[in-house]
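Note sheet for the following structure.
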Amino acid sequence: MAFIYITEHTHSRVVQGGLVPVVEMPPLATQKVANAGATTQSAAFNAATRIVAIHTDSICSIEFGANPTATTSSRRLAAGTTEYFQVIPGDKVAAILNT
């Protein structure tokens, strides 16, 4: 089974003297969401969450919102990648397998 892994963070920082953006650890919350042939939603993000890191172990598409539905036309993520997104507290992310 495929999954997306979500870590929730309050904000990011830039390492002093460099241009590498990083998120503070530990995260506010973590989620592991099954990613199957139908769109699947995460739980609502924490009230303090402003940034999420999403790692996918399979090719998928994602969509954000209060009640999101991911389709294969939504933003695509490659397998084995981690992406960072600024989000609205209380929103969710939905994922669906893609090719």
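The values are calculated or read from the model by the stated rules, or taken from the named source; none is laboratory data. Note that the structure is predicted; figures quoted are calculated from it, not measured. Note that each Cβ is placed from the backbone with ideal geometry, even for glycine, and that neighbours are counted across all protein chains shown.
General remarks:
- Criterion violated by Ala53 - all others in (1) of a type in the set (A, V, I, L, M); (2) without any contact (Cβ under 8 Å) to a residue 60 or more places away in the chain; (3) more than 15 Å from Ala95 (Cβ to Cβ) satisfied: (3)
- Glu8 vs. criteria among the charged types (D, E, K, R), free of Cβ contacts under 8 Å to residues at least 40 places away in the same chain and on the phi < 0 side of the Ramachandran plot: no
- Selection status of Thr49, in contact with a strand residue (DSSP E or B) (Cβ under 9 Å, 6 or more places away or on another chain) and in a loop (DSSP other than H, G, I, E, B): yes
Rundown of residues vs (1) in a loop (DSSP other than H, G, I, E, B); (2) out of contact with any Pro (no Cβ under 9 Å at 6 or more places or on another chain); (3) modelled with pLDDT of 95 or more, yes/no style:
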{"site": "Thr7", "(1), (2), (3)": "no, no, yes"}
{"site": "Leu19", "(1), (2), (3)": "yes, yes, no"}
{"site": "Val22", "(1), (2), (3)": "no, yes, no"}
{"site": "His55", "(1), (2), (3)": "no, yes, yes"}
{"site": "Glu63", "(1), (2), (3)": "no, yes, yes"}
{"site": "Pro68", "(1), (2), (3)": "yes, yes, yes"}
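- Extreme residue, farthest from Glu24 (Cα to Cα), among residues of the stretch 70-85 that are touching a strand residue (DSSP E or B) at 6+ places or on another chain (Cβ under 6 Å) and not small (Gly, Ala, Ser): Thr72
- One residue stands out among those in the stretch 70-92 that are part of a strand (DSSP E or B) and β-branched (Val, Ile, Thr): the one that is farthest from His11 (Cα to Cα), which is Thr81.
- In the stretch 32-42, residue modelled with the lowest pLDDT [restricted to those that are closer than 19 Å to Ser74 by Cα and surrounded by fewer than 16 Cβ atoms within 10 Å (Cβ to Cβ)]: Ala36
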